[in-house]
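Structure first, then comments.
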Amino acid sequence: MGLQEMVTVVIPTRNRPDMVARAVESALAQTYAPLEVVVIIDGPDPATEERLRAFGDPRLTVIALEQNRGAAGARNLGVERAKGAWIAFLDDDDEWMPGKIALQMAARPPGVRYPIMSCRCKVVTARGDFEWPRRLCTPRDRIGDYLFVRHGLFKGETFAPTTTLLAPKALLQRQPIPKSAFDDWEWLISCGQIEGCALVTVPEVLAIHYTESDRITLSTCHNIDMALNWAESVRPRLSPRAYASLLLQATGGEQAARTPAVRKRILKSALRDGAPTPMALTTFLMHSLMPVGLRRRLRQAIFSAPGAA
């Protein structure tokens, strides 16, 4: 695998012309070459088309869809149209540091057929900035266990958002992004079932991830039934301790999960169908006793990035 392999950057977007322009600018500023950027405008959006025409860069291809396909469908179309042997995903409201692709391509581990390269990122929130993940993923880690089995009490120990990921096109053709309530995590979970696939975190901070947008994740989802139904649907692809940790640590900490009936459902499923670790149970107890706002203030005080407000 030489450095001459082309990388295709895939960016789905709609109705956010200024944000996607920032993302495209950071992709075109990469030090790695050869590189192309494919933006999928997911439905009618003349303002974004006009904004992107101003770049005038031959490495930029804009595909405007007549009908909305959703983020997963847009990303899969970008993979289909890609010229590169490697695909890097970038969300339209995030941005990269200039050396992101070059460092990830250089860090690919030998002997791994399908390496999924991630990186640390600066996570910008209303409560401060953080550098996540605090713990890196290596080829020795099972992907599902890395994503959900935390060794500490606070969010941010493990992290691999779509905007950090670079993977072989061959892997994405074999395992496309699923149409799912939480498609990024479900894709990684599914890839964890493929022999020769590993998630690897580059230690450098190479992306900026903005959380104050409209994206829905397990940690911002107010529809707790949807989140728990999704967790139950992916249980066969997770180890028992990863499934229990998904319920107790990832899902169980949100405001929407604080009613007695929901907490009983979470704990019952984790004990019946999973194998909770002591840390997962301790985290769930903390979630039950400590208000969300206080937990967030503690996390900010302990883990804020240097220089964060």
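The values are calculated or read from the model by the stated rules, or taken from the named source; none is laboratory data. What you see is a predicted model; the values in this text were computed from it and never measured. Every residue, glycine as well, gets a Cβ built from its backbone with ideal geometry; the counts of neighbours run over all protein chains shown. Areas reflect the complete protein model, heavy atoms only, side chains present, ligands, DNA and RNA absent. Shrake-Rupley method; radii C 1.70, N 1.55, O 1.52, S 1.80 Å.
Residues that are crowded, with 19+ Cβ neighbours inside 10 Å and out of contact with any Asp or Glu (no Cβ under 9 Å at 6 or more places or on another chain) within segment 109-124 comprise PRO115, ILE116, MET117, SER118, listed in sequence order.
Could you say whether any residue in segment 281-304 is modelled with pLDDT of 60 or more, under 27 Å from GLN193 (Cα atoms) and not polar (S, T, N, Q)? Yes: segment 281-304 contains one or more residues that are modelled with pLDDT of 60 or more, under 27 Å from GLN193 (Cα atoms) and not polar (S, T, N, Q). Of all the listed residues (LEU52, LEU90, LEU60), the sole one being within 23 Å of LEU199 (Cβ to Cβ), of a type in the set (A, V, I, L, M, F, W, C) and touching a residue at least 24 places away in the same chain (Cβ under 8 Å) is LEU90. State whether the residues of segment 131-138 include one that is among the β-branched types (Val, Ile, Thr) and farther than 18 Å from PRO12 by Cβ. The answer is yes, given that some residue of segment 131-138 is among the β-branched types (Val, Ile, Thr) and farther than 18 Å from PRO12 by Cβ.
Suppose the filter is free of Cβ contacts under 8 Å to residues at least 60 places away in the same chain and either under 21 Å from ARG174 (Cβ atoms) or in contact with a helix residue (DSSP H, G or I) (Cβ under 8 Å, 6 or more places away or on another chain) (or both); does ALA72 pass it? No. Does ASP141 satisfy the condition of being under 13 Å from VAL200 (Cα atoms), among the charged types (D, E, K, R) and over 13 Å from the mean Cα position of the chain (by Cα)? Yes, satisfied. Residues in segment 221-240 that are loosely packed, with under 13 Cβ neighbours inside 10 Å and not in a helix (DSSP H, G or I) were compared, and the one that is modelled with the highest pLDDT is ASN223. Residues that are at pLDDT 95 or above and open to solvent by less than 10 Å² (accessible area, probe 1.4 Å) were ranked within segment 145-161; the one that is nearest to ASP92 (Cα to Cα) is ALA160. Does ARG127 qualify as being surrounded by fewer than 21 Cβ atoms within 10 Å (Cβ to Cβ), at pLDDT below 95 and among the basic types (Lys, Arg)? The answer is yes for ARG127.
Would segment 251-262 turn up any residue that is at pLDDT 95 or above, within 12 Å of PHE148 (Cα to Cα) and surrounded by 19 or more Cβ atoms within 10 Å (Cβ to Cβ)? There is no residue in segment 251-262 that is at pLDDT 95 or above, within 12 Å of PHE148 (Cα to Cα) and surrounded by 19 or more Cβ atoms within 10 Å (Cβ to Cβ). Please indicate, with yes or no, whether at least one residue in segment 194-212 is at pLDDT below 85 and surrounded by 13 or more Cβ atoms within 10 Å (Cβ to Cβ). Among the residues of segment 194-212, not one is at pLDDT below 85 and surrounded by 13 or more Cβ atoms within 10 Å (Cβ to Cβ), which makes the answer no.
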